[in-house]
Every structure is written in structure tokens, then in C-alpha cells.
Amino acid sequence: MAALQERFAVKRAELVPLGLLAAAMIAGGMLSPHFWDLRYLLDSTSLHVETGLLVIGMTFVIALGQIDLSAASNLALVSCATAKLLQMGVHPAVGICIGIGLGTMLGIVNGLLVAYANLPSFLVTLGTLALYRGIAQALMGAASVKFPESLCGIDRWYLPGGIVPVPFAVFVVLAAAFGVALAKTTFGRRVIAIGANSTASEYSAIKVNRIVLSVFALSGLMAGIAGVMMDSRLGVARYDHARGLELEVITATVLGGTSIYGGKATMTGSFLALLLMAAVHVSLGLANVKTEIQLTIIGAVLVLTLAIGGVFSGAKAGGLAGRAE
Amino acid sequence: MPNRCIVSKVWVVLSLLGMLFFAACEKRETVQNNSSGSRLSVVYIPKNTGNPYFNEIVAGFEEVCKQQGCEFSTIAPSTAEATSQIPILKEQIQRGVNIIAISPNSPDALNAVLDDARKAGIVVITVDADLAGNEAHRDASVLPTDFSKVGESQIELLGSQIGYQGEIAILSATRDAPNQNAWIAGMKDALAQPKYSKMKLVEIAYGDDEPQKSATEAEGLLTKHPNLRGIVSPTSVGLAAAAQALQIANKYPSVALTGLSTPNQMRKFVQDGVVKAFQLWSPREMGRLACSLAISIKQGKVKPGEGVEFELPEIGKRSFGKNNVVITGPLVTFDQNTINEYHF
């Protein structure tokens, strides 16, 4: 019995979003005859891939027991800066590298303040949330900048076979790679250990500051890639794109089973939670459910998921404390 | 321990049942919607939810769809954020609608998805706002009114209330609001015409679209110009503030007041007799025109092109201007007799 429970417990965090994802897919098919269309379903992931990339970074940040509220502002600033550079005639490859580098740099700024100035990440990134978006607005004003035509429409580029869109493929590959990094490497185990108990980790000769810095850099890197991707998808950059996206990112991460207190994280869970949110959006949208009701249902699904998760984890962790897995 | 297992399983089963129940409830509605077979289906996407102005446009669409036997639905994003309409557009394309009418939240972020819609054979029409600089991504646009005639129309309305003579003043919004300045220029042009030559513009005040400042400016106009016969305020904040000032100073109807606003904001002042009449375009008429035009384009009866004239059932003759823009009509005047027909 105990062995069974143990095996069940390892996967339980992922089981909840997986079960709900299946339910959402069934409900979607019942709600609208237009839902079960593989091409359409894959295409509609493109709207959520940028969120997904931020979720990858956020999973590490939250596993660490920290938060990055500035992720969406970082994305917006990268998308504005990149579009501006390309408009000025910078070579696309160079411009995109600078853009992604900028995202990473902005993440490092957060990381330095959190790790070395010893400030709470909530406050630091609350500040940079406003700061990064503010710089983007100062750079662009209310105007939008066009992205070069030839680089537009990444959501219309497909892998050979013509059915899997490139953004989804990028997301799957990155999620898999960083999922392995989180679960199977020393780095990942250290992130979880710090999240579970930072002081104990320090005494265990883990260089906590360095890990915190690299995790925030990773979050910035993801925002950088997502920013460039959004430029290509929308064809224009504006300072107010992706406003408020950070909330959706944090929601998906926590929904996936990553503990908001740190010390417990699963990339598979985050991945499934993102697909769950996308599936709920798409199925309700296709059924022409009114936006107000959509919000209510999505909110209910979130609360329900967390409640189920709470019932599951209550048995093992006995309350608030997170647990390293 | 086993208890926990059972509890959690119950949770999962309950949640699945809940979703299925919801799905079943909704499904009946969907089936009804789809039972119409070959009827044209029209969807209108406003900028955001909960805005009475867009409800009026929706009412116009509903009216025409009922008359012409089309299936109508409307769905709006919860925020007017630039990209919030993209998922909705994708969903409507997948649902296989025939006509998409949209009040766009962004002049350029929708280009790609609108192109998809048109490739799928959907007629795309913008309503109330257009895709400035990206007009090629929609079939036609229906806009509220000819804004170059707003100034003259307002002067005529005020003039008719004061016998076309006496001192008048303008209460505007901010000094550099482009639409306000264009309308004020139109008013000055009108005042140069012989018909309005006895009306004398004595001051232009700016209330910055703040209720308090607008009220102060309106009071200032009343005290500075004892012979003032009329005020025109082509901004809803200014007009409401000026009406309040007139009411408090008990200067009506000796000073006539008019301007631009919505019936909901002015209803009280019209009923109290403070404001005899004011103007705005009619969003419902705009919805009717947009819907009827889109249906005719879809049916191949109207082909958009600059200068092309056409006639629509129950609406009348119109023509395409530059960039296939169609103007709804002149400003509508709301007074004690008509204001209760409008709810925006």
C-alpha cells in the first residue's frame, strides 16, 4: 500500500492537470462540432506558446521559492527593442540575438538584486514590471513598429509534414530540455533544494546566489525568445502587448503542481497545465460562450484544480510546507 | 491513507461530472444554433464587453439579421487590449461564420488573422473604428459620420435655438485634442457664412475633459459674458459639466446649451429642460448599415470600390469613399421627444 501510494504520489501533481485536460478535450468536443480538428487545435497552441515559454522560466523561479512578476514586461521590452533594431536596418540575425540577449540581461538585473542585494523577489520584480514596460513605452510611445515582412508569421511556419507549427515545436523542445534539467541534473536538484530550504542548502555548500542568478537569467532568456516570437506572430511590436500576461504565467505554473512556496516543481505538470488552459479557452471560445462566463468557468477550473491538488498533497506534506522530490 | 485515496478519486470524478454536465447544458444551445443550415451567419466583435455604446451597435445588427433571416451572434473580449480579439477571430473562422464585423482594438495586430478570415471566404467589415494604414486587410469599413461636418451641424443646432444671433462660446476638451480642434475649425468656418453672421464667438474655454475644471470654465463663461446666448460643448464631459453649471446658476433657458454626448449621460438634463437638444451619431444605425452592407457584399450584390454607389434594403443609398469607407449618416439630434428611444 505504501509503495503504491509512493508511486502515485510522484505523479499526482501531474495527474490533476492531465485529468482536467482530458475532461476539457471531451467537453470541447461536446460543446462544438468544430473542436476536434487536429490542425486547428495545433494551430491554436500558437496563441499560448509565448505564455508557455515564460512558464518554463517561471517553473524554475517558483521552484526556487521566488517569483518573477516582470516576465511579461521583459517580453514587451524585448519585442519593442528588437523590432526597433530591425527597423533601423540591423541584420535580422544580429537584431534577434541582441533582443534575446537583452531579455537575459533584464533577467540578470532581477537576479542580481534578489541574490546579491538580498531583496525580496516580489518587490524587485514588481518594480521591474513597471520599469521594463515603462522603458518600452518611452522607446515606442503609443506607436507600433512593424516587424520585417520576411520574418513575420512564425505561427504559419510548419515542421515538415505541414501540421505541427514551429512555435509549438520550439515550446515542446525547450520544455523537454528544461524539464530534464530540472528533474535530472545537479542544477535542477539544487534549485529544488534551495526552494525547500535555502539556509540548509547554503550549509550544504550549494552556491545559492549563483543558482538564484542563473534562474532569473533563464526566466529572462525565455522572455527574450517569447518576445521575438510575438514580434513575428503579430507582425508589429507595441509597448502594451502581453500586458498582464505574468498572471496567466504564474497561474499555469502553480496549476501544474509547482508549489508556490518553492521546493517542489514539475515541468510536465506546467506543460500540461498550459495545454489545459489553452484547451479550456479554445473549447469555450468555439462554443461562443460569453466572455464573462468564460472567465467564471476558467476561474472555477483553477480553483477546482488547486482544491484537488490540496486534497492530494494534504496527506503527504501535512499542510503548507513544500517538499523536495 | 486509503481514505485519502478515495477522497481524491471522488474529487476527480466530481470534477469530470461537473464539466460534462456543463457541456451537456451548453450543447443544446449549440445544436439549436446550428439547426439553421444554409442561413448566413454573422458575428460582430465589439472592442470589449459591458459597454452600452456597443450594445446599441449590436441592436442594429440583430434588427437586420432578423429581417434578412441571418443567424447572428456577438462576442467581445473582456478587455480592449490590442491582441485580445485575435483568439476570438480564430475561433469564429473555425466556426465557419460567413461574415465578421469588428470594432478593432488594434490598427495593425489583427492583419494576419483577418487575412486568414478572408482567405476562408469570410467577408470582413470594420465598424466604428478602422484599420488605419491597413485597410487592405478588410473588405469595407462603416464609420459613424462625416466628421468634417460636425462643426457646422453643431452651430446650426445652437443657432436654431437662439434665433441665429447673439454671443456664443465654446467649451472644449484639451487645447491639442485633434478632433476637438478640427470641429472648432469647422464651427469657425460655419460662423463665417451669412446665415450665422449675427452669431458672435466670444470665447473658447478648455475644460480638459475633467468634470471639475469643465464646470469651473463653464461658470467662468457665464460670469464673464453677461450677454451670452449660447454654449456649445462638443465633448461629453464638458457638456454634462456645463449643464450642471447652468442648472446651478439657474441660467436656462436664457442661455442655450448644446454639444456632443450620449443620451444616457444627458437624459436627466433634457428631462429637466436644461438642454433642449444635443447631437451624436447613432451607433444602432451604424450597426444596421454595417450588417446590411456586409450581407450584400457576401451575396455578391455589392462590390466594394471607391465611388461605387449602392442601395440597401430599408437603409437607402450610400456610396464607398476612399479606402472603401462608408459613412453612416449625419449627426442625430436627441431631444425630449426622441431621447427615450436610445439607451447608450
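Nothing in this text is a laboratory measurement; each read-out follows from the coordinates by a stated rule. Given the structure is predicted, the values throughout are model-derived calculations rather than measurements. Here Cβ is always computed from backbone atoms with ideal geometry, including for glycine, and neighbour counts include all displayed protein chains.
Where does the Debye-calculated log10 I(q)/I(0) of the stretch B:55-168 sit at q = 0.14, 0.15, 0.18 Å⁻¹, using only Cα point scatterers of equal weight, no solvent? With no solvent term, the Cα-only Debye profile gives -0.66, -0.73, -0.93. Helix B:2-34 and the long axis of chain B differ in direction by around 60°, with both axes built from C-alpha atoms. Taking amide hydrogens as placed 1.01 Å from N in the peptide plane, the amide H of residue A:236 sits under 5 Å from those of A:147, each at least 5 positions away in sequence or on another chain. Couplings 3J(HN,Hα) of the stretch B:252-266, computed from phi: 9, x, 5, 10, 7, 10, 8, x, 10, 6, 9, x, 4, 6, 10 Hz, in residue order, whole Hz [Karplus 6.51 cos²θ - 1.76 cosθ + 1.60, θ = phi - 60°; x for Gly and Pro]. Inter-chain Cβ neighbour count for A:22-29, averaged per residue, equals 4 (cutoff 10 Å, partner chain atoms only).
Take the Cα coordinates of the stretch B:111-155, assign each an equal point scatterer, and use the Debye formula without solvent to give log10 I(q)/I(0) at q = 0.16, 0.20, 0.26 Å⁻¹. Here the Debye-derived log intensity ratios amount to -0.51, -0.66, -0.91.
When the alpha carbon coordinates of the protein assembly as shown are projected onto the principal axes, the ranges are 94, 61, 54 Å, largest first.
About the centre of its Cα atoms, the stretch A:41-175 shows a dipole size close to 220 debye [charges on the beta carbon of Lys, Arg (+1) and Asp, Glu (-1) only; nearest 20 debye]. Our helix-only sum for chain B, with -39,500 (n - 2.57) per DSSP H run of n ≥ 4 divided by its residues, gives a mean residue ellipticity at 222 nm of -14000 deg cm²/dmol. Size of chain A: Rg and Dmax of its alpha carbons, in Å, are 19.8, 66. Computed about the Cα centre, the dipole magnitude for chain A is approximately 520 debye when only Lys and Arg (+1) and Asp and Glu (-1) carry charge, each at its Cβ. In this label model, residue A:156 and residue B:59 are separated by 4.0 nm, measuring between points 7 Å along each Cα→Cβ vector.
Between B:165, B:204, B:305, the Cα set farthest toward the positive side of the dipole of chain B (charges on each charged residue's Cβ, about the Cα centre) is that of B:305.
Within chain A, helices built from complete DSSP H runs that reach 27 Å or longer along their own axis (Cα positions) and carry a mean Kyte-Doolittle hydropathy of -0.5 or higher are A:2-31, A:92-115, A:121-140, A:208-234, A:267-286, A:291-317.
Which of A:243, B:95 comes first, and how do the rest follow, when ranked by fewest Cβ neighbours within 10 Å?
Going from sparsest to densest Cβ surroundings: A:243, B:95.
Here chain A is scanned for chymotrypsin sites (Phe, Trp or Tyr not before Pro) in DSSP loops (not H, G, I, E, B) that have at most 16 other Cβ atoms within 10 Å, and the longest stretch holding none of them is A:158-260.
Calculated [222 nm] ellipticity per residue, helices only, for chain A: -24500 deg cm²/dmol; basis is -39500 (n - 2.57) per DSSP H run with n ≥ 4, divided by all residues, nearest 500. Averaging over all projection directions, the Cα-based convex hull of the stretch B:157-224 occupies 4.7 nm² in the image plane.
Quick one: go through the stretch B:305-341 and flag any residue whose amide nitrogen is under 17 Å from the point 7 Å out along the Cα-to-Cβ line of residue B:146. Within reach of a label on residue B:146, which here means backbone N under 17 Å from a point 7 Å along Cα→Cβ, the stretch B:305-341 contributes B:306-310, B:316-333. If you take the alpha carbon atoms of the stretch A:116-221 and fit the smallest convex hull around them, that volume is 151 Å³ per residue.
Considering the zone a paramagnetic label at residue A:183 would reach in this model (a point 7 Å from Cα along the Cα-to-Cβ line), which residues of the stretch A:265-280 have amide N under 14 Å from it? Backbone N within reach: A:265-273.
Remark: B:78, A:70, A:198, A:259 ranked as B:78, A:198, A:259, A:70, counting other beta-carbon atoms within 10 Å and listing the fewest first. In the stretch B:147-280, the C-alpha radius of gyration followed by the widest Cα-Cα span (Dmax) gives 13.0, 36 angstrom.
Shielding of peptide B:97-106 by partners, expressed as the average count of other chain Cβ atoms within 10 Å per residue Cβ, is 1.
The phi torsions of the stretch B:279-296, fed into the Karplus equation with coefficients 6.51, -1.76 and 1.60 and a -60° offset, translate into couplings of 10, 6, 7, 9, x, 5, 4, 4, x, 4, 4, 4, 5, 5, 5, 4, 5, 5 Hz, rounded to whole numbers, with Gly and Pro shown as x. Near the amide H of residue B:166, within less than 5 Å, lie the amide hydrogens of B:199, B:200, all on another chain or at least 5 residues away, with H placed in the peptide plane. Per the Cα gyration tensor, chain B maps to an equivalent ellipsoid with semi-axes of 45, 27, 18 Å, ordered largest to smallest. Of the cross-linked pairs A:146/B:149; B:149/B:213; B:149/B:251, those separated by over 31 Å at the C-alpha level are A:146/B:149. Close amide H contacts of residue B:71 (hydrogens built in the peptide plane, cut-off under 5 Å, sequence separation of 5 or more or a different chain): B:40, B:41, B:42. 3J(HN,Hα) along the stretch B:215-226, derived from phi through the Karplus expression 6.51 cos²θ - 1.76 cosθ + 1.60 where θ = phi - 60°, amounts to 5, 4, 4, 5, 4, x, 4, 5, 7, 5, 10, x Hz, with x in place of Gly and Pro.
Ranked by how many other Cβ atoms sit within 10 Å of their own Cβ, fewest first, the residues A:163, B:339 fall in the order A:163, B:339. Solvent-free Debye calculation, one equal scatterer per alpha-carbon of the stretch B:148-187: log10 I(q)/I(0) at 0.28, 0.30, 0.31 Å⁻¹ equals -0.97, -1.03, -1.06.
To the nearest 20 debye, what charge dipole does the stretch B:67-136 have about its Cα centre, counting +1 at the Cβ of each Lys and Arg and -1 at the Cβ of each Asp and Glu?
In total the dipole reaches around 240 debye.
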